[in-house]
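In what follows, a single structure is set out as structure tokens and then discussed.
The values are calculated or read from the model by the stated rules, or taken from the named source; none is laboratory data. A quick note: this is a predicted structure, and the numbers were derived from the prediction, not measured. Cβ placement follows ideal geometry from the backbone for every residue including glycine, while neighbour counts extend to all protein chains displayed. Just so you know, the surface numbers come from the protein's heavy atoms only, side chains and all, with ligands and any DNA or RNA stripped out. Shrake-Rupley method; radii C 1.70, N 1.55, O 1.52, S 1.80 Å.
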Amino acid sequence: MEEYRDALMNKNSAVVSSSLTTPLVDSNHRSHEEHIIPVSTKQTDEESVLDDNYKETLGTSTFFKTCFNGINALSGVGILSVPYALASGGWLTLILLFIVAAATFYTGLLMRRCIDVSSKIRTYPDIGEYAFGKKGRMMVSSFMYLELYVVATGFLILEGDNLSNLFPDMSFTLAGVRIYGQQGFVMLVGLIILPSMWLTDLSKISYVSATGVLASVLIIVSVFWVGAEDTGFHAKGKFFKLNGIPTGVSLYTFCYCAHPVFPTLYTSMKDKRQFSKVLLLCFVLCTISYGTMAVLGYLMFGENIKSQVTLNLPIDKVSSKIAIYTTLVTPIAKYALMATPIVNAIESSSGINHNNKSIRLLIRTLFLVSSVIMALVIPFFGYLMSLVGAFLSATASIIIPCLCYLKIMGTYRSWGYELVIIIGIILMGISVVIIGTYTSLEQIASEFKLSF
């Protein structure tokens, strides 16, 4: 993704990490008094020219660099769960994957049009504020922060699941208490991550986390390798399962939750007229990779597929180890990057002096501790990511961009094919939020009943 300014690293850092780690405030750190003031979208010719000239001179990223950053933003841990998503709803839900991809691609284009209205709009919260004032900024930022927190927690669960699968008999002694299995590994990974949470310059870690594209390719190739030499591709699966549709669609939506970074990608481009082509290429390539992984995993393991395809792989195979170790490295590198925007927001809102290192270290440590506790209490990766997709991703990537566009551009005032399409997308998003969230919470509650 685009260069992390003050929130994540120095301005010379590479563009990196998950889609969710975009700066949540402008790099110039506006004071509380300097808010974006929503104005009429009917600009004079002179104002339009000034905005165009400003946007043309801003940004240095080339077409291919922006493509790489966009693909890296869209490539994440969701690729591990798409086979499970397909198995939840059956083969027919592949159509829903393409529908979700098309809808989120379109809302990405809507965000670009919102940014073009004013040169003051640089980030996703800026769009929310331009459309709905301070409440709009707060709404967008809240969903982004919450999504960052829950996905970061999902990283810990993912690490615990895969490590306990690799080393099923290993245990640890912590404060005189013997801890076994997944819970022990979650705590261990938390301790490993802790030093990175104390860093103020994350630029070195960012280079590791920027390997999302390579990691996705390695995992797909490794899974195919396992299927070709060991398990085969003989599982037939089911054509359609109605009760699994909400889970499947929610996980598909989670795969396309990169919208918070789109404004940053757009403003970083040298030739912004090519952004639509960049976005299209990114969505096509990522949808192909998600679809390929979904089909491979379902053909290999059928109805026995687990929430992460790596948990189904035979651990004695070299190809399996490549996939599993690749899965393990990236989240550890990305955790601090995803946590930093939230921590910075806490520090800023609390009025903490940046020179007070002890308080800052305490806040960062407590953040990680809270995340570890949540991972221990809700250790259900598939259901938790389904909840993120249904409630947070569908809202932030589908519903909010549409509402902001309608408000900023005034499209809602007159009926037309564009308004019909946007209303259809909003209704789809609302359906995913309501049905998907209910289903995910119900599944988590059922797991709690089985666990206790």
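On a 1.4 Å probe surface of the protein chains, which of K334, K134, K241 comes out largest in accessible area, and what is the full order?
Largest accessible area first, the list is K134, K241, K334.
Quick one: grab the alpha carbon gyration tensor of the range 61-451, order the square roots of its eigenvalues as a ≥ b ≥ c, and give me rounded if a/c is under 1.5, else prolate or oblate depending on whether a/b is larger than b/c.
Oblate is the answer for the range 61-451, as a/c is 1.5 or above yet b/c matches or exceeds a/b.
Per residue, how many Å² of accessible area does the range 61-451 show with a 1.4 Å probe?
Accessible surface, normalised per residue, equals 40 Å².
Sort R178, R413 from largest to smallest accessible area, using a 1.4 Å probe on the heavy atoms of the protein chains.
R413, R178
How much accessible surface does K321 have with a 1.4 Å probe, in Å² rounded to 10?
Approximately 80 Å² of K321 is accessible to the 1.4 Å probe.
Taking the full set of protein chains and a 1.4 angstrom probe, give the accessible area of K238 in square angstrom, rounded to the nearest 10.
The value for K238 is about 100 Å².
Picking from P168, A87, I99, whose Cα lies most toward the positive end of the charge dipole for the range 47-188 (charges on Cβ: Lys, Arg +1; Asp, Glu -1)?
In the range 47-188, that residue is I99.
Take the solvent-accessible surface of the protein heavy atoms, probe 1.4 Å, and return the percent of it on the range 61-451 that carbon and sulfur atoms account for.
Answer for the range 61-451 is 69 percent, counting heavy atoms of protein chains only.
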